[in-house]
1. I'd like to know if segment 41-49 contains one or more residues that are out of contact with any strand residue (DSSP E or B) (no Cβ under 6 Å at 6 or more places or on another chain), of a type outside the set (D, E, K, R) and more than 23 Å from Lys180 (Cα to Cα).
2. Looking at segment 153-174, which of its residues are within 13 Å of the ligand (Cβ to nearest atom), touching a residue at least 12 places away in the same chain (Cβ under 8 Å) and more than 21 Å from Leu38 (Cβ to Cβ)?
3. Give segment 202-250 a look and list any residue that's of a type in the set (S, T, N, Q), touching a strand residue (DSSP E or B) at 6+ places or on another chain (Cβ under 8 Å) and assigned to a loop (DSSP other than H, G, I, E, B), or say none.
4. What number of residues within segment 181-194 are within 16 Å of the ligand (Cβ to nearest atom), in a loop (DSSP other than H, G, I, E, B) and closer than 24 Å to Lys56 by Cβ?
5. Touching a residue at least 12 places away in the same chain (Cβ under 8 Å) and not aliphatic (A, V, I, L, M): does that describe Glu103?
6. Assuming Arg17 fulfils every condition listed in (1) at pLDDT 95 or above; (2) over 15 Å from the mean Cα position of the chain (by Cα); (3) within 13 Å of the ligand (Cβ to nearest atom) apart from one, which condition is it?
7. Name the strands (runs of 3 or more DSSP E) wholly within segment 22-137 that hold at least 1 residues that are near the ligand (Cβ under 9 Å from one of its atoms), touching a helix residue (DSSP H, G or I) at 6+ places or on another chain (Cβ under 8 Å) and modelled with pLDDT of 95 or more?
8. From Glu203, Glu219, Glu210, Glu178, grab the single residue that is charged (D, E, K, R) and away from the ligand (no atom under 15 Å from the Cβ).
Amino acid sequence: MQISIKNSTPVFCSTGRCYDSADGDSLGCNSWLFRDDLDWRNTAKYEAKLFKDKDKVNIEMYAASDGSEGYTKMISLYEHFGRENPEAAEKFFPIMAYDIDNEILKAAKSGLLKTCLADRMSIQMYCEDYEDYFGPADKKIDIDNDIKLQAEKTLTVKDKLTKNIKFMHGDMFEKIKELKDESNTILMCRNILGYFLNDKIEEFIKLASEVLKSNSLFEIGDHDSKFFNIKSCMERYGFKQVMKNVYKKV
Ligand SMILES: C[S@@+](CC[C@H](N)C(=O)[O-])C[C@H]1O[C@@H](n2cnc3c(N)ncnc32)[C@H](O)[C@@H]1O
């Protein structure tokens, strides 16, 4: 890991957990709903079209954090296909979501989500009826070392979402080697590569290029290109940028 992001956690996140890693770095992991580095609506539209002839699409998510990203992806696909056609979205599910942090995994598996005001505004903006996906909770989620949010509220995540995502422990550098692709994969590995040294980022991109076949997608986040020219590295390994932070295997 090359940088510390302690104290740089945005205040508009559903989780912003700081902790000390085994090698002495202080690390932060943050996530929130509809993280604004992807055009969620148009990406869902693009994916629906790209995979229209596939019976099944596999979403493999590394660094899944508290579930905010997985829920956002599911909501974007459900909303794209509309309430009258949920089956069309469900060929993309279940999302296989991995993280190495057991504390954040416990939160993800709890069926609860800690939200700030911006999280709740985004679900109102992006959903026809956000009560399809979230409801009130009678208890507060407790995540060790997590940031205190203004106007914090814990929500219950409804079955429509929880039944379609499997949260599991897994290291992305190992899981990527096990990935089996039939040109029907969406690999989401967002806002984690940027924490690694450049040769490690390249190592992961190379592994991804070896397992992903033509037409499959690799989605990253803004943080991944902050200190590294990820676009040129992606291109060297056979990926072409098709939208902001979305790459397609050529
Ligand atoms: C900054 S958060 C990003 C969360 C989410 N992907 C997003 O963009 O909002 C980084 C997450 O990566 C996880 N992580 C760190 N190293 C990992 C690894 N080698 N394999 C899987 N997850 C990892 C952390 O535990 C943390 O939850």
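The values are calculated or read from the model by the stated rules, or taken from the named source; none is laboratory data. Remember, it's a predicted structure, so these values are computed and weren't measured experimentally. In this analysis, Cβ positions are derived from the backbone assuming ideal geometry, glycine residues included, and neighbour counts consider all displayed protein chains.
1. There is at least one residue in segment 41-49 that is out of contact with any strand residue (DSSP E or B) (no Cβ under 6 Å at 6 or more places or on another chain), of a type outside the set (D, E, K, R) and more than 23 Å from Lys180 (Cα to Cα).
2. Across segment 153-174, the qualifying residues are Met168, His169, Gly170, Asp171, Phe173.
3. The answer is Ser214, Asn215, Ser216, Asn245.
4. So in segment 181-194, the residues within 16 Å of the ligand (Cβ to nearest atom) come out as 186-194.
Right, trim to in a loop (DSSP other than H, G, I, E, B) and you get 190-192.
In the following step, the residues that additionally are closer than 24 Å to Lys56 by Cβ were identified as 190.
Residues in segment 181-194 being within 16 Å of the ligand (Cβ to nearest atom), in a loop (DSSP other than H, G, I, E, B) and closer than 24 Å to Lys56 by Cβ: 1 in total.
5. Spelling it out, Glu103 is indeed touching a residue at least 12 places away in the same chain (Cβ under 8 Å) and not aliphatic (A, V, I, L, M).
6. (1)
7. Details: elements: 26-31, 58-62, 95-99, 112-115, 134-136.
Counting at least 1 such residues, we get 58-62, 95-99.
8. Working: Glu203 fails: away from the ligand (no atom under 15 Å from the Cβ); Glu219 fails: away from the ligand (no atom under 15 Å from the Cβ); Glu178 fails: away from the ligand (no atom under 15 Å from the Cβ).
After applying the criteria, what remains is Glu210.
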